[in-house]
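So the structure is just underneath, and the comments pick up after that.
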Amino acid sequence: MYKFMMLGVSGLALFLAGCGTETDNQKTAKLSDAVKTDTRTADYSETRNVYFGDLHIHTKNSFDAYIFNVRTTPEDVYRFALGEGVRHPSGYEIKLGGDPLDFVAATDHGAYMGILPAMDNPDSPLSELELAKGMFGTDPATIIGAFQKVGTSVRSGEALPGMYDRDLVDSTWQSAVATANEFYRPGELTTFAAYEYTAVTTNRESGDTFGGGNLHRNVLFADDAPDRLFSTLESTNPEDLWDWMDTERAAGRDVLAIPHNSNVSNGQMFDMTQMDGSVMDADYTAQRLRNEPIVEMTQVKGTSETHPVLSPNDEFADFEIYELLLGSTAKSKINGSYIREALARGLALEAETGTNPYEFGLIGSSDSHVVGGAFDEEDYWSKVGIVDGTAEERGSVPPGGAKTWEGVERDVNAENWFSKWGASGYAAVWAEENTRESIFDAMRRRETYATSGPRIRLRFFGGAMTEDMLNATDVTAQAYAAGVPMGGKLSGETAPTFMALAARDPRGAPLDRIQIIKSWHTADGPQEAVYDMACSDGATPDPATKRCPDNGASVDLSTCTASTGAGDPELRAVWTDPDHDASIAAAYYVRVLENPTCRWSTWEALRANVERHPDLPATIKERAWSSPIWISSN
């Protein structure tokens, strides 16, 4: 059942980097059907390379960035991605701590795109609007009030009088597309034209849109983009967005939508009905699958894998949980909001309609509103702008110069929101080369994964995997020939065998374990099981608990120094499901866990020489999640 071992350096390089030999290329010729040989870049590989990126970033063109004093542009997004420093609204420089990004997209809100900068420009007629007076400044109360006015309009889909200048929105979008094209550098930086569609459902209790369910999507074009986008001011129903996307695709412009923050969707992102409450039919499930092949697993506003209530037997389920509805202190409904449950629900819907609407791959991204993500716990700058730009404003350091939290009045924004956010995350794809075509194709086929911040390298295959493949110099080519990679589908006639390999980020912590998580659906509802697939330090999973022993890794909270001697630089395993039932369809994905490290809030308290926030986790176990492999029933 469990077969795992350390991998030699040469085998690791071949398996993870995808650097194939001539024999590899012959064996995996089927992999490159979508790649044009006359446009190959220097890094082209038949067995595919891993690329890291961020597909969720805002600039001053977003209303909820400009209000918070963000003045950076789409051009700055690409400069940051290339490794340049950019000025934070609070005055300091922000810069990637590691290598440049491989791919990126600026995803400003489609609704009112570019309108607020014009309202703040005395040369623009929009500055004469009554709404523009007093909207801009540094007073938090004024900022929040302005945000709520515009946000209410975006969420309701009802434009504010005089503010919706569609020509300006169109020209701002066209300029953003042109800038993405200008910075596209095949082989170095892939840029995509993209924007955010910002749907929010009505709050079921209060009847208003603040505190409603988040149904946001990032809309990303493969290459060519239209002159006009579709925003919530056209319709707040994502089903109408999909109709528009189908029209764009028919016109030759391929496009996909990426749902995010399902964790605060109030149970509606992965519901079992359509928006109007009607039953999902075959047309609905097929259209959703066609338009949404991947979802965002993790970002600054929390992780959407699962919730301890849904997964009480998963001791690692309580990871960076954020569950307050947007603009509210009410908690999101749990059922229907998390990805692991959705994988099981999708299998039930497939049995009813013939198509699984939740057959999606996984990515991470940042949702940064300050032009670049803070992916490192040790160097964190949150996301919004001037209202969360310092450790005190984020709630990791006591306000007013206090050294302890005893007796201090805590800031409501920091307590409810900012202190609960995290330094996450990355989108990772396995693609033949760093080009729009290759990376977009990888997202289409779901050969993608998510990380919470470290650049962990992860591969996952299912099919006729064998232990002897792990030592082969052409292990990757053999794996592709013997089965499917993450995002693929297999017949369930026999018990599936999986191969996984993970390597640590050199800047991150050693690896603790590889787990495989199984989701399926029965008459009793969604089901799940967690198996440890590979353990660090030569250990093996306990046959009864299916878990690795604790490897003893720890953190000295007085210095944030991690213990040494525990954990591995890489782990790999071949594993066969011991509980396979050929009559039940299932989805399997891999989760890789690092040794514990200090959370960003602990780092900030340590640097400020103050008491750590008593209600925040002291440490976290960073991780990566593969896209699933689906096994059909027989």
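Scanning region 370-382 for residues that are part of a loop (DSSP other than H, G, I, E, B) and over 15 Å from the mean Cα position of the chain (by Cα) returns Val370, Val371, Glu377, Glu378, Tyr380, Trp381, Ser382.
Screening Asp468 with (1) out of contact with any strand residue (DSSP E or B) (no Cβ under 8 Å at 6 or more places or on another chain); (2) open to solvent by less than 10 Å² (accessible area, probe 1.4 Å); (3) of a type in the set (Asp, Glu) gives one miss only, at (2). Given the structure, is Glu377 over 18 Å from Ile258 (Cβ atoms) and open to solvent by 10 Å² or more (accessible area, probe 1.4 Å)? In short, yes.
The residues in region 304-321 that are within 30 Å of Trp244 (Cα to Cα) and open to solvent by 10 Å² or more (accessible area, probe 1.4 Å) can be counted, and the count is 0. Gly492: open to solvent by 10 Å² or more (accessible area, probe 1.4 Å) and either in contact (Cβ under 8 Å) with a residue 40 or more places away in the chain or in a helix (DSSP H, G or I) (or both), yes or no? Judged against the criteria, Gly492 is not a match. Restricting region 184-212 to residues that are surrounded by fewer than 24 Cβ atoms within 10 Å (Cβ to Cβ) and aromatic (Phe, Trp, Tyr), the residue that is modelled with the lowest pLDDT is Phe210. The numbered conditions (1) crowded, with 22+ Cβ neighbours inside 10 Å; (2) small (Gly, Ala, Ser); (3) without any contact (Cβ under 8 Å) to a residue 40 or more places away in the chain are all true for Gly407 except (1).
Of the residues that sit in region 155-176 and are touching a Phe, Trp or Tyr at 6+ places or on another chain (Cβ under 8 Å) and not aromatic (Phe, Trp, Tyr), which one is modelled with the lowest pLDDT? If you could, list the steps in order and put the result at the bottom.
We begin by selecting, within region 155-176, every residue touching a Phe, Trp or Tyr at 6+ places or on another chain (Cβ under 8 Å); these are 155, 163-164, 169, 173, 176.
With not aromatic (Phe, Trp, Tyr) added as a condition, the list becomes 155, 163, 169, 176.
Numbers: Arg155: 87, Met163: 93, Val169: 98, Ala176: 98.
Across region 155-176, the extreme among qualifying residues is Arg155.
Determine whether Ala442 is under 17 Å from Gly53 (Cα atoms), among the aliphatic types (A, V, I, L, M) and open to solvent by less than 40 Å² (accessible area, probe 1.4 Å).
Details: under 17 Å from Gly53 (Cα atoms): yes; among the aliphatic types (A, V, I, L, M): yes; open to solvent by less than 40 Å² (accessible area, probe 1.4 Å): yes.
For Ala442, the condition - under 17 Å from Gly53 (Cα atoms), among the aliphatic types (A, V, I, L, M) and open to solvent by less than 40 Å² (accessible area, probe 1.4 Å) - is met.
Could you say whether any residue in region 588-597 is modelled with pLDDT of 95 or more, open to solvent by less than 10 Å² (accessible area, probe 1.4 Å), of a type in the set (Asp, Glu) and out of contact with any Phe, Trp or Tyr (no Cβ under 8 Å at 6 or more places or on another chain)?
Within region 588-597, one or more residues are modelled with pLDDT of 95 or more, open to solvent by less than 10 Å² (accessible area, probe 1.4 Å), of a type in the set (Asp, Glu) and out of contact with any Phe, Trp or Tyr (no Cβ under 8 Å at 6 or more places or on another chain).
For beta carbons closer than 7 Å, sequence separation of 6+ or different chains, a first residue in region 608-634 that is farther than 24 Å from Arg507 by Cα and a second that is of a type in the set (A, V, I, L, M, F, W, C) and surrounded by fewer than 16 Cβ atoms within 10 Å (Cβ to Cβ), the qualifying pairs are Ser633/Ala582; Asn634/Ala582.
If I ask for residues that are at negative phi and touching a Ser or Thr at 6+ places or on another chain (Cβ under 6 Å), which ones from region 475-490 would you list? Of everything in region 475-490, those that are at negative phi and touching a Ser or Thr at 6+ places or on another chain (Cβ under 6 Å) turn out to be Thr476, Ala477, Tyr480, Met486. Every condition in (1) touching a Gly at 6+ places or on another chain (Cβ under 6 Å); (2) under 15 Å from Gln299 (Cβ atoms); (3) open to solvent by less than 10 Å² (accessible area, probe 1.4 Å) is met by Phe418 except one, and the failing one is (3). Residue count for region 438-478 under the criterion of being part of a loop (DSSP other than H, G, I, E, B), farther than 28 Å from Ile620 by Cβ and touching a residue at least 60 places away in the same chain (Cβ under 8 Å): the result is 5.
Within this structure, Ile334 passes the test of being farther than 25 Å from Ser153 by Cα, of a type in the set (A, V, I, L, M, F, W, C) and either open to solvent by 10 Å² or more (accessible area, probe 1.4 Å) or modelled with pLDDT of 95 or more (or both).
Just so you know, in region 380-401 the residues that are polar (S, T, N, Q) and open to solvent by less than 10 Å² (accessible area, probe 1.4 Å) include one that is farthest from Thr298 (Cα to Cα), and it is Ser396. Exactly one residue out of Met269, Met275, Met297, Met280 is over 23 Å from Val177 (Cα atoms) and open to solvent by 40 Å² or more (accessible area, probe 1.4 Å): that is Met275.
The values are calculated or read from the model by the stated rules, or taken from the named source; none is laboratory data. Predicted model, so just to flag it, every value in this text is computed and none were measured. FYI the Cβ positions are ideal-geometry reconstructions off the backbone, even for glycines, and counts take in every protein chain you see. With ligands, DNA and RNA removed, areas are computed over all heavy atoms of the protein, side chains included. Shrake-Rupley method; radii C 1.70, N 1.55, O 1.52, S 1.80 Å.
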